[in-house]
Amino acid sequence: MKPRPSFPAKLPASASPALASLKPAPTTFAARPLPAGGNRPSPLDQALARHAPASSMPLSSGLGLDSGAVRERMVAKLAAQGVRDAWVLQAMGRIERHRFVETALAGQAYEDTSLPIGLGQTISKPNVVARMLELLRQGASGKLGRVLEIGTGCGYQAAVLSQVATEVYSLERLRALHEKAKKNLLPFRLPNVHLMLGDGMLGYPKGAPYAGIISAAGGQEVPMVWVDQLAVGGRLVAPTLTASGQQALVVIHKTATGFDKQVLEAVHFVPLKSGIA
Ligand code: SAH
(Lines give C-alpha, C1' and ligand atoms only; values in the text may rest on other atoms or scores of the structure.)
Protein backbone atom coordinates (compact mmCIF):
# COMPACT_ATOMS: atom_id res chain seq x y z
CA MET A 1 0.00 0.00 0.00
CA LYS A 2 1.20 3.50 -0.77
CA PRO A 3 1.39 5.77 2.28
CA ARG A 4 -1.74 7.76 3.02
CA PRO A 5 -1.69 11.11 1.19
CA SER A 6 -1.90 14.15 3.40
CA PHE A 7 -5.16 16.06 3.04
CA PRO A 8 -6.22 18.71 2.42
CA ALA A 9 -3.95 18.68 -0.61
CA LYS A 10 -1.98 21.90 -0.78
CA LEU A 11 -0.55 21.43 -4.25
CA PRO A 12 -0.97 24.30 -6.70
CA ALA A 13 -3.93 23.63 -9.00
CA SER A 14 -1.58 23.23 -11.93
CA ALA A 15 0.46 20.50 -10.24
CA SER A 16 -1.85 17.71 -11.31
CA PRO A 17 -4.53 17.74 -13.99
CA ALA A 18 -6.74 15.57 -11.77
CA LEU A 19 -6.37 17.96 -8.87
CA ALA A 20 -6.97 20.99 -11.04
CA SER A 21 -10.46 19.73 -11.82
CA LEU A 22 -11.24 19.19 -8.14
CA LYS A 23 -12.09 22.53 -6.58
CA PRO A 24 -12.22 23.64 -3.85
CA ALA A 25 -9.65 21.75 -1.77
CA PRO A 26 -11.07 18.81 0.18
CA THR A 27 -13.00 19.78 3.27
CA THR A 28 -11.89 18.01 6.44
CA PHE A 29 -14.01 17.96 9.55
CA ALA A 30 -12.34 18.44 12.93
CA ALA A 31 -12.57 15.82 15.65
CA ARG A 32 -15.51 15.80 18.06
CA PRO A 33 -17.87 13.06 19.21
CA LEU A 34 -21.09 12.46 17.31
CA PRO A 35 -23.85 14.85 18.34
CA ALA A 36 -25.87 13.62 21.26
CA GLY A 37 -29.63 13.92 21.57
CA GLY A 38 -29.47 16.85 24.01
CA ASN A 39 -32.16 17.71 26.51
CA ARG A 40 -34.47 19.71 24.31
CA PRO A 41 -36.03 18.37 21.12
CA SER A 42 -34.58 20.02 18.02
CA PRO A 43 -36.93 21.30 15.28
CA LEU A 44 -36.07 18.10 13.41
CA ASP A 45 -36.98 15.94 16.37
CA GLN A 46 -40.25 17.83 16.66
CA ALA A 47 -40.90 17.26 12.98
CA LEU A 48 -40.11 13.58 13.40
CA ALA A 49 -42.56 13.36 16.26
CA ARG A 50 -45.25 15.20 14.25
CA HIS A 51 -44.91 13.05 11.14
CA ALA A 52 -44.43 9.72 12.81
CA PRO A 53 -47.21 7.22 13.26
CA ALA A 54 -47.62 7.10 17.06
CA SER A 55 -47.43 3.32 17.18
CA SER A 56 -44.00 3.04 15.61
CA MET A 57 -42.22 6.12 16.95
CA PRO A 58 -41.42 6.02 20.67
CA LEU A 59 -41.01 9.28 22.56
CA SER A 60 -38.23 9.75 25.06
CA SER A 61 -39.07 10.85 28.58
CA GLY A 62 -41.70 13.29 27.40
CA LEU A 63 -39.11 15.56 25.77
CA GLY A 64 -39.70 14.67 22.13
CA LEU A 65 -38.64 11.90 19.86
CA ASP A 66 -35.80 9.59 20.80
CA SER A 67 -34.43 9.15 17.30
CA GLY A 68 -31.93 6.60 18.66
CA ALA A 69 -34.77 4.21 19.43
CA VAL A 70 -36.19 4.69 15.94
CA ARG A 71 -32.79 3.93 14.45
CA GLU A 72 -32.51 0.82 16.61
CA ARG A 73 -35.78 -0.31 15.12
CA MET A 74 -34.44 0.41 11.63
CA VAL A 75 -31.27 -1.57 12.42
CA ALA A 76 -33.32 -4.52 13.71
CA LYS A 77 -35.24 -4.46 10.44
CA LEU A 78 -32.02 -4.33 8.41
CA ALA A 79 -30.73 -7.35 10.33
CA ALA A 80 -34.02 -9.16 9.70
CA GLN A 81 -33.62 -8.33 6.00
CA GLY A 82 -30.27 -10.13 6.01
CA VAL A 83 -27.61 -7.49 6.81
CA ARG A 84 -25.03 -9.32 8.95
CA ASP A 85 -21.97 -7.04 9.15
CA ALA A 86 -21.86 -5.72 12.72
CA TRP A 87 -19.82 -2.67 11.67
CA VAL A 88 -22.45 -1.70 9.12
CA LEU A 89 -25.34 -2.24 11.52
CA GLN A 90 -23.63 -0.20 14.21
CA ALA A 91 -22.87 2.63 11.78
CA MET A 92 -26.46 2.70 10.54
CA GLY A 93 -27.56 2.92 14.17
CA ARG A 94 -25.22 5.81 14.92
CA ILE A 95 -25.74 8.17 11.99
CA GLU A 96 -28.85 10.30 12.27
CA ARG A 97 -30.39 10.03 8.82
CA HIS A 98 -33.08 12.61 9.59
CA ARG A 99 -30.39 15.32 9.70
CA PHE A 100 -29.73 14.82 5.98
CA VAL A 101 -33.23 15.45 4.63
CA GLU A 102 -35.57 18.44 4.59
CA THR A 103 -37.52 18.94 7.82
CA ALA A 104 -40.78 18.06 6.08
CA LEU A 105 -39.34 14.62 5.20
CA ALA A 106 -37.71 13.94 8.57
CA GLY A 107 -40.61 11.75 9.67
CA GLN A 108 -39.85 9.36 6.82
CA ALA A 109 -36.09 9.30 7.42
CA TYR A 110 -36.07 5.87 9.07
CA GLU A 111 -38.53 4.21 6.72
CA ASP A 112 -37.21 1.95 4.02
CA THR A 113 -37.59 4.50 1.30
CA SER A 114 -35.38 6.66 -0.87
CA LEU A 115 -35.94 10.40 -0.38
CA PRO A 116 -35.38 13.48 -2.57
CA ILE A 117 -32.36 15.64 -1.65
CA GLY A 118 -32.81 18.36 -4.31
CA LEU A 119 -31.66 18.85 -7.91
CA GLY A 120 -33.47 15.66 -8.94
CA GLN A 121 -31.17 13.48 -6.81
CA THR A 122 -32.11 11.02 -4.07
CA ILE A 123 -30.71 9.54 -0.89
CA SER A 124 -30.81 5.73 -1.17
CA LYS A 125 -33.05 3.53 0.99
CA PRO A 126 -31.38 2.45 4.25
CA ASN A 127 -31.34 -1.19 3.17
CA VAL A 128 -29.63 -0.35 -0.13
CA VAL A 129 -26.98 1.70 1.72
CA ALA A 130 -26.45 -1.14 4.22
CA ARG A 131 -26.34 -3.79 1.49
CA MET A 132 -23.77 -1.84 -0.55
CA LEU A 133 -21.55 -1.17 2.46
CA GLU A 134 -21.71 -4.83 3.41
CA LEU A 135 -20.65 -5.81 -0.11
CA LEU A 136 -17.85 -3.25 0.00
CA ARG A 137 -16.58 -4.62 3.32
CA GLN A 138 -16.95 -8.29 2.43
CA GLY A 139 -14.12 -10.19 4.08
CA ALA A 140 -12.90 -7.23 6.20
CA SER A 141 -12.65 -8.01 9.91
CA GLY A 142 -12.02 -4.50 11.24
CA LYS A 143 -12.36 -1.09 9.61
CA LEU A 144 -11.77 -0.85 5.89
CA GLY A 145 -8.87 1.36 4.79
CA ARG A 146 -9.27 4.33 2.43
CA VAL A 147 -12.56 4.43 0.58
CA LEU A 148 -13.68 6.52 -2.39
CA GLU A 149 -17.36 7.42 -2.75
CA ILE A 150 -18.71 8.68 -6.07
CA GLY A 151 -21.78 10.87 -5.51
CA THR A 152 -21.74 12.58 -2.09
CA GLY A 153 -25.32 13.81 -2.51
CA CYS A 154 -26.51 14.98 0.90
CA GLY A 155 -23.56 13.33 2.65
CA TYR A 156 -25.48 10.61 4.49
CA GLN A 157 -23.66 7.61 3.06
CA ALA A 158 -20.30 9.38 3.51
CA ALA A 159 -21.16 9.75 7.22
CA VAL A 160 -22.04 6.05 7.49
CA LEU A 161 -18.85 5.16 5.61
CA SER A 162 -16.82 7.23 8.09
CA GLN A 163 -17.74 4.70 10.77
CA VAL A 164 -16.64 1.62 8.82
CA ALA A 165 -13.54 2.87 6.98
CA THR A 166 -10.44 4.72 8.13
CA GLU A 167 -10.67 7.51 5.50
CA VAL A 168 -13.49 8.54 3.20
CA TYR A 169 -12.93 10.62 0.06
CA SER A 170 -16.23 11.59 -1.49
CA LEU A 171 -16.76 13.30 -4.85
CA GLU A 172 -19.85 15.21 -5.95
CA ARG A 173 -20.27 16.80 -9.39
CA LEU A 174 -23.08 19.23 -8.41
CA ARG A 175 -21.75 22.24 -6.54
CA ALA A 176 -25.04 22.88 -4.68
CA LEU A 177 -25.11 19.32 -3.30
CA HIS A 178 -21.41 19.44 -2.41
CA GLU A 179 -22.16 22.58 -0.37
CA LYS A 180 -25.25 21.01 1.17
CA ALA A 181 -23.28 17.92 2.23
CA LYS A 182 -20.60 20.14 3.82
CA LYS A 183 -23.32 21.88 5.84
CA ASN A 184 -25.04 18.61 6.78
CA LEU A 185 -21.81 16.97 7.92
CA LEU A 186 -20.46 19.91 9.90
CA PRO A 187 -22.21 19.05 13.21
CA PHE A 188 -20.97 15.45 13.02
CA ARG A 189 -17.32 16.57 13.10
CA LEU A 190 -15.97 13.60 11.18
CA PRO A 191 -12.23 14.13 10.72
CA ASN A 192 -11.88 11.22 8.32
CA VAL A 193 -14.39 12.51 5.75
CA HIS A 194 -13.02 14.57 2.84
CA LEU A 195 -15.57 16.12 0.49
CA MET A 196 -14.52 17.19 -2.97
CA LEU A 197 -16.27 18.86 -5.87
CA GLY A 198 -15.25 16.93 -8.95
CA ASP A 199 -16.14 14.46 -11.66
CA GLY A 200 -16.18 11.04 -10.07
CA MET A 201 -15.91 9.37 -13.45
CA LEU A 202 -12.21 10.21 -13.24
CA GLY A 203 -11.94 8.73 -9.76
CA TYR A 204 -9.54 10.50 -7.42
CA PRO A 205 -6.00 9.32 -8.20
CA LYS A 206 -4.50 11.37 -5.37
CA GLY A 207 -5.94 9.01 -2.75
CA ALA A 208 -5.37 5.74 -4.67
CA PRO A 209 -5.08 2.87 -4.11
CA TYR A 210 -8.41 2.42 -2.33
CA ALA A 211 -9.54 -0.52 -0.23
CA GLY A 212 -13.03 0.21 -1.54
CA ILE A 213 -14.81 2.32 -4.16
CA ILE A 214 -18.56 2.82 -4.00
CA SER A 215 -20.75 4.67 -6.47
CA ALA A 216 -24.15 6.13 -5.65
CA ALA A 217 -24.85 6.82 -9.34
CA GLY A 218 -25.23 4.30 -12.15
CA GLY A 219 -23.33 4.38 -15.44
CA GLN A 220 -23.30 2.40 -18.69
CA GLU A 221 -20.25 0.58 -17.44
CA VAL A 222 -17.73 0.73 -14.60
CA PRO A 223 -15.05 3.28 -15.57
CA MET A 224 -11.71 1.48 -15.93
CA VAL A 225 -9.95 4.20 -13.89
CA TRP A 226 -11.94 3.07 -10.84
CA VAL A 227 -10.54 -0.45 -11.18
CA ASP A 228 -7.07 1.05 -11.73
CA GLN A 229 -7.41 3.06 -8.50
CA LEU A 230 -8.47 0.02 -6.47
CA ALA A 231 -5.87 -1.74 -4.29
CA VAL A 232 -5.23 -5.41 -4.91
CA GLY A 233 -7.76 -7.16 -2.66
CA GLY A 234 -10.03 -4.10 -2.78
CA ARG A 235 -13.69 -4.08 -3.78
CA LEU A 236 -15.77 -1.80 -5.93
CA VAL A 237 -19.57 -1.64 -5.69
CA ALA A 238 -21.49 0.27 -8.34
CA PRO A 239 -24.92 0.27 -9.95
CA THR A 240 -24.26 -0.43 -13.63
CA LEU A 241 -26.27 -1.10 -16.77
CA THR A 242 -26.26 -4.82 -17.63
CA ALA A 243 -26.57 -6.61 -20.96
CA SER A 244 -30.36 -6.82 -20.49
CA GLY A 245 -30.52 -3.02 -20.31
CA GLN A 246 -31.38 -3.08 -16.58
CA GLN A 247 -29.39 -1.46 -13.83
CA ALA A 248 -27.89 -3.93 -11.34
CA LEU A 249 -25.36 -3.86 -8.53
CA VAL A 250 -21.95 -4.85 -9.82
CA VAL A 251 -19.16 -5.90 -7.48
CA ILE A 252 -15.57 -5.99 -8.69
CA HIS A 253 -12.89 -7.64 -6.57
CA LYS A 254 -9.38 -6.76 -7.67
CA THR A 255 -6.87 -9.62 -7.51
CA ALA A 256 -3.14 -9.81 -8.13
CA THR A 257 -3.78 -11.05 -11.65
CA GLY A 258 -6.87 -9.07 -12.68
CA PHE A 259 -10.37 -8.86 -11.21
CA ASP A 260 -13.53 -10.88 -10.54
CA LYS A 261 -16.87 -9.37 -11.43
CA GLN A 262 -20.25 -10.28 -9.97
CA VAL A 263 -23.59 -8.96 -11.21
CA LEU A 264 -26.16 -8.95 -8.39
CA GLU A 265 -29.72 -7.69 -7.90
CA ALA A 266 -31.50 -5.04 -9.97
CA VAL A 267 -31.41 -1.51 -8.51
CA HIS A 268 -32.58 2.01 -9.44
CA PHE A 269 -29.96 4.70 -9.03
CA VAL A 270 -29.71 8.19 -10.51
CA PRO A 271 -27.44 8.39 -13.58
CA LEU A 272 -23.69 8.80 -13.40
CA LYS A 273 -22.90 11.95 -15.40
CA SER A 274 -19.62 13.47 -16.44
CA GLY A 275 -18.31 16.96 -15.70
CA ILE A 276 -19.23 19.30 -12.86
CA ALA A 277 -22.21 21.64 -12.72
N1 SAH B 1 -24.64 8.85 -1.38
C2 SAH B 1 -25.60 9.90 -1.59
C3 SAH B 1 -26.54 9.58 -2.71
C4 SAH B 1 -26.58 10.69 -3.69
S5 SAH B 1 -27.42 10.35 -5.21
C6 SAH B 1 -26.30 10.27 -0.30
O7 SAH B 1 -26.11 9.60 0.73
O8 SAH B 1 -27.05 11.24 -0.31
C9 SAH B 1 -26.05 10.23 -6.31
C10 SAH B 1 -25.22 11.46 -6.47
O11 SAH B 1 -24.24 11.17 -7.47
C12 SAH B 1 -25.95 12.70 -6.96
O13 SAH B 1 -25.77 13.72 -6.02
C14 SAH B 1 -25.26 13.04 -8.28
O15 SAH B 1 -25.12 14.43 -8.51
C16 SAH B 1 -23.90 12.38 -8.10
N17 SAH B 1 -23.15 12.10 -9.31
C18 SAH B 1 -23.58 11.63 -10.51
N19 SAH B 1 -22.55 11.51 -11.37
C20 SAH B 1 -21.44 11.90 -10.70
C21 SAH B 1 -20.05 12.03 -11.05
N22 SAH B 1 -19.58 11.72 -12.25
N23 SAH B 1 -19.19 12.46 -10.10
C24 SAH B 1 -19.62 12.80 -8.86
N25 SAH B 1 -20.91 12.72 -8.48
C26 SAH B 1 -21.81 12.27 -9.38
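The values are calculated or read from the model by the stated rules, or taken from the named source; none is laboratory data. Quick caveat: nothing in here was measured; it's all calculated off a predicted structure. Quick reminder, even Gly has a Cβ in these numbers, built from the backbone with ideal geometry, and neighbours come from all protein chains shown.
Observations on the model:
- If you go through the stretch 129-163 and keep only what is closer than 16 Å to residue 269 by Cα and hydrophobic (A, V, I, L, M, F, W, C), you end up with 129, 130, 132, 133, 150, 154.
- Any hit, the stretch 241-259, residues being under 14 Å from residue 149 (Cα atoms), outside any loop (DSSP other than H, G, I, E, B), within 16 Å of the ligand (Cβ to nearest atom) and out of contact with any Asp or Glu (no Cβ under 6 Å at 6 or more places or on another chain): no
- All conditions but one from (1) farther than 25 Å from residue 264 by Cβ; (2) surrounded by 22 or more Cβ atoms within 10 Å (Cβ to Cβ) apply to residue 166; the one that does not is (2).
- Whenever a residue of the stretch 248-277 is farther than 28 Å from residue 113 by Cα, its partners that are of a type in the set (Asp, Glu) and more than 8 Å from the ligand (Cβ to nearest atom), lying with C-beta atoms within less than 7 angstrom and at least six residues away or across chains, give the pairs 253/260.
- Matching residues in the stretch 139-176 - criterion: being over 11 Å from the mean Cα position of the chain (by Cα) and among the polar types (S, T, N, Q): 141, 166
- Of all the criteria given as (1) closer than 24 Å to residue 272 by Cα; (2) more than 10 Å from the ligand (Cβ to nearest atom), the one not satisfied by residue 115 is (2).
- The test for being among the small types (Gly, Ala, Ser) and near the ligand (Cβ under 9 Å from one of its atoms) holds for residue 120.
- Test result for residue 176, modelled with pLDDT of 95 or more, crowded, with 24+ Cβ neighbours inside 10 Å and not charged (D, E, K, R): no
- Residues that are loosely packed, with under 14 Cβ neighbours inside 10 Å and farther than 18 Å from residue 98 by Cβ within the stretch 182-196 comprise just one, 191.
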